[in-house]
1. Name the residue, out of 104, 31, that is crowded, with 18+ Cβ neighbours inside 10 Å, in a helix (DSSP H, G or I), touching a residue at least 24 places away in the same chain (Cβ under 8 Å) and among the β-branched types (Val, Ile, Thr).
2. Among (1) without any contact (Cβ under 8 Å) to a residue 40 or more places away in the chain; (2) in contact with a strand residue (DSSP E or B) (Cβ under 6 Å, 6 or more places away or on another chain); (3) surrounded by 17 or more Cβ atoms within 10 Å (Cβ to Cβ), which single condition is residue 71 missing?
3. So the check is Cβ under 6 Å with 6+ separation or different chains; which pairs have a first residue in region 339-351 that's outside any helix (DSSP H, G or I) and a second one that's at pLDDT 85 or above and surrounded by fewer than 20 Cβ atoms within 10 Å (Cβ to Cβ)?
4. Please verify whether residue 387 is without any contact (Cβ under 8 Å) to a residue 60 or more places away in the chain, over 27 Å from the mean Cα position of the chain (by Cα) and in a loop (DSSP other than H, G, I, E, B), treating the condition exactly as stated.
5. Kindly state which strands (runs of 3 or more DSSP E) lie completely within region 235-294 and contain at least 2 residues that are open to solvent by 10 Å² or more (accessible area, probe 1.4 Å) and modelled with pLDDT of 95 or more.
6. What number of residues within region 223-254 are touching a residue at least 24 places away in the same chain (Cβ under 8 Å), of a type outside the set (Asp, Glu) and over 30 Å from residue 295 (Cα atoms)?
7. May I ask you to say which residue of 349, 366 is out of contact with any helix residue (DSSP H, G or I) (no Cβ under 8 Å at 6 or more places or on another chain), more than 30 Å from residue 112 (Cα to Cα) and modelled with pLDDT under 95?
8. Residues that are touching a Gly at 6+ places or on another chain (Cβ under 9 Å), surrounded by fewer than 20 Cβ atoms within 10 Å (Cβ to Cβ) and among the basic types (Lys, Arg): list the strands (runs of 3 or more DSSP E) wholly contained in region 115-206 that include at least 1 such residues.
Amino acid sequence: MNNDTILNPDIECASRERIREIQLAKLQRQVKHAYANVAWYRERMDEMGVAPDDIKTLDDVRRLPFTDKTVLRDTYPYGLFAVPLDDVVRLHASSGTTGKPIVVGYTKGDLDVWAECIARIASMAGVTSRDRVQMSFGYGMFTGGFGLHYGCEHMGCMMIPASSGNTERQLMMINDYGSTVLIATPSYAMHICEAGEAAGIDWSKSTLRVGLFGGEPCTPALKREIESRMHIVCTDNYGLTEVMGPGVSGECLSSRHQQHIAEDHFLWEIVDPKTGEPLPEGEEGELVLTPLDKEAFPVLRYRTHDLTRITTEPCACGRTHARMDKVRTRTDDMLIIRGTNVFPSEIEDVLAGIEGVSPHYHIVVDNETGLDRMTVSVELLPEGMHDSFEKMEAFTKRVADTLTNTLLVRPRVKLVQPGTIARSEGKTKHVEDLRRK
């Protein structure tokens, strides 16, 4: 067992048998709650011939209907709420960039569970009540800012509600207030790092020691770069608005490529994304989540579209809760280029293995010539710059060849100078699909 703080060892280190007992009792209660109070679930279950009392084992969860974003949008805004609105103490929502936003509600009990889940993932990263936490997520309908704020405050941390943006002020706060933990998207943390270096800050002498990242995937290469340049330990966490927000799972310091799921609060399944059928433990598939304690907004079998694999083997940190591989790919992130499936995470992985390029990239897909064409802009590191045109041409070809070997489709590669690709205060948009339909 390492030096992580385990907030609730009776639960986080419980036997697999005890975890499953807790999950089954909560699942049975949650199904009854949803059936009694949400018309959509009652109608679907009646159509399927399933009653709440039919759920006698955890495997019986497969008899319940799936839920996805379409259902949440079709029942906008309050159709899936299971309590009177007078009992809802907070609303959060997605951005709604692809249609109506997804609106979720929380009771006081829901917020207490959420704070506990956040406290766990923070403690996994080594955060304690003595830390000063600089919140550089934006506050608003986005779940990240308020979720992590109240979770860390629940631990007893000093919260510094910086919000996002105004990077010069972020640097001032770190220096003047002695911030020890930075909460941000990894891309914005990298931007803060670069801005600090440009301002003459020696990060090795900073009070910062931990980065809690979320809101977007953090590639291994980007994490290594931030850790080495800012001299902090960076951890990822996972969550989504539809089932709670951040805090579904988090990274401990013993298993840096995986994240412990809060199994006493979430029942997980891994299914074939095409058929919806369950897959054996250890196989990659789509993550399906059922929150087990949600009062205001109970969701059964939510299809996340996130691809991962899960193990229930005990972890060196002492926790027994299942671990999921960090999500790098979504079923709906896939690009089809001339009949070939391409995932942005594959490009990230290839670039991470090429010396002289940074983790920053941008993909543009178009069909102006009549055929699909993919252009990948790759940002160079200073050591990757050459005065010789011939050397730069050869390097561009090498990057294109390496990408082609993995993607099985040849992209156009544009090498750009350090700092050229835009950094984002929120989620970084890596792909622009400009194809005419």
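The values are calculated or read from the model by the stated rules, or taken from the named source; none is laboratory data. All values derive from a computational prediction rather than experimental measurement. Note that we place each Cβ from the backbone using ideal geometry, even for glycine, and neighbour counts take in every protein chain shown. The accessibility values were calculated without ligands, DNA or RNA, using every heavy atom of the protein model including side chains. Shrake-Rupley method; radii C 1.70, N 1.55, O 1.52, S 1.80 Å.
1. Details: 104 fails: in a helix (DSSP H, G or I).
Just a single option satisfies the conditions, and that option is 31.
2. Among (1) without any contact (Cβ under 8 Å) to a residue 40 or more places away in the chain; (2) in contact with a strand residue (DSSP E or B) (Cβ under 6 Å, 6 or more places away or on another chain); (3) surrounded by 17 or more Cβ atoms within 10 Å (Cβ to Cβ), residue 71 violates only (2).
3. 340/409
4. On the way: without any contact (Cβ under 8 Å) to a residue 60 or more places away in the chain: yes; over 27 Å from the mean Cα position of the chain (by Cα): yes; in a loop (DSSP other than H, G, I, E, B): yes.
Answer is yes for this residue.
5. Working: elements: 245-250, 258-261, 266-271, 285-291.
Answer list for region 235-294: 266-271.
6. Of the residues in that region, 10 qualify.
7. Working: 349 fails: out of contact with any helix residue (DSSP H, G or I) (no Cβ under 8 Å at 6 or more places or on another chain).
From the options 349, 366, the qualifying one is 366.
8. Numbers: elements: 132-135, 158-160, 181-184.
It comes to 132-135.
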